[in-house]
1. Charges at C-beta only: +1 for Lys and Arg, -1 for Asp and Glu. How large is the resulting dipole of the chain about its Cα centre, in Debye rounded to 20?
2. Could you tell me the distance between the Cα centroids of region 164-239 and region 257-318, to the nearest Å?
3. How much of the DSSP bridge set in region 4-316 is antiparallel, in percent, rounded to the nearest 5?
4. Picking from Leu166, His176, Phe143, whose Cα lies most toward the positive end of the charge dipole for region 134-179 (charges on Cβ: Lys, Arg +1; Asp, Glu -1)?
5. Specify the inter-centroid distance of region 66-144 and region 1-40, based on alpha-carbon positions, in whole Å.
6. Do any chymotrypsin sites (Phe, Trp or Tyr not before Pro) in region 261-307 lie in a loop, going by DSSP, with at most 13 other beta-carbon atoms within 10 Å of their beta carbon, and if so which?
7. Work out from phi, with θ = phi - 60° and the Karplus expression 6.51 cos²θ - 1.76 cosθ + 1.60, the ³J(HN,Hα) of each residue of region 135-151, listed in order in whole Hz, and give x for Gly and Pro.
8. Give the aspartates and glutamates reachable from Lys283 as a straight Cα distance under 14 Å; neighbours fewer than 8 places away on the same chain don't count.
Amino acid sequence: MPPTRIILDTDPGADDALTILLMLASPEIKLEAITTTHGNVTIDKTTRNALAVLEFLNASRIPVAKGCSLPLVKPPHQAKGEAVHGSSGMGRTNLPEPTSKVVDTHAVDYLIERFLAEPNELTLFAVGPLTNVALAIRKEPRFAQVVKELVIMGGAVRSGGNMSPLAEFNIYEDPHAAHIVFNSGIPITLIPLDVTYKCLLTSADVDRLNKIDSPVAKFVRDVTADYMAFYLKYEGFAGCALHDPLTVAAIIAPELLSLEEHYVDVDISGGVSTGKTYADFMKVAKKPANMKVALDVRGREFVELFIERMETLCRSRL
Ligand code: BDR
Ligand code: CA
């Protein structure tokens, strides 16, 4: 099978960076471009981080397009992202300033151009707030018809939230964008907190990886350091959830995910449940399913697969 051709929309972010590493370590995937969004930290920082991570991995050939700096309607909450991912978004890493530059095209236009140029050939992954994707849908009505598949990290369907008691960060950060995307007709696979919280990378896993003396192993340790400190302080757990990397399982290990087809929407009413994703399990709304949503995962198997891929990446750079 030829590799799945992917464009990644992302807000690096510690687990976003790990997603880039995992994609580049996975022969089943060809990462063709990155578009950046506001989210965990400012758009300037997420864009710098994307460029720096690609340069670190000798992958600067992959183009990066800079995207939206703000959500569609709501004010941003980047302070929360900085508390989780460190003020740069990259934990305690110290990657050099990237020498590569972004492409001249805005991420929204870049997405439209790339997907229209090759209808139903490219898969979109979105692991940050959905602002760029929503604007591409609104700016070019054909966009929704030419995306082969959209894999999203976002939402909390049966589980509680991590940004409000009910809502997950990426969706809470731009619920109006999520509403547009969910109702766009694009074939969606949703990877919510319900499953990502079952994929916990422990500090012991990171120590194990660091038995290999490699800049990649050190990067994984340093990029997750603040992230893990946050989990320890607020959740009493010595590790962190592999939220964004779990999206990659949709391509490299789909058998680990239990996917169900449902109609899923997001609350944009402005009340206490704003940003909450909810599935119509009982089909009371009588609307056709608009996505596949992961409701269970063989979490530890995914974490082991992630570590194996990181080990391969370490060895390829020794
Ligand atoms: C999501 O929020 C961000 O902090 C992570 O990068 C991930 O995309 C998890 O809720
Ligand atoms: Ca993210």
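1. Magnitude of the dipole: close to 80 debye.
2. Taking the Cα centre of each part, region 164-239 and region 257-318 sit 12 Å apart.
3. Numbers: 12 of 37 bridges.
Among the beta bridges of region 4-316, antiparallel pairing accounts for roughly 30 percent.
4. So the residue furthest toward the plus end is Phe143.
5. 11 Å
6. The qualifying sites are Phe281.
7. 5, 4, 5, 6, 6, 10, x, 6, 3, 4, 8, 10, 7, 4, 7, 10, 9
8. Glu260, Glu261, Asp265
Any read-out appearing in this document is the output of simple, stated calculations on the displayed coordinates, not a laboratory observation. Predicted model, so just to flag it, every value in this text is computed and none were measured. Note: ideal-geometry Cβ built from the backbone for every residue, glycine included; neighbour counts use all protein chains shown.
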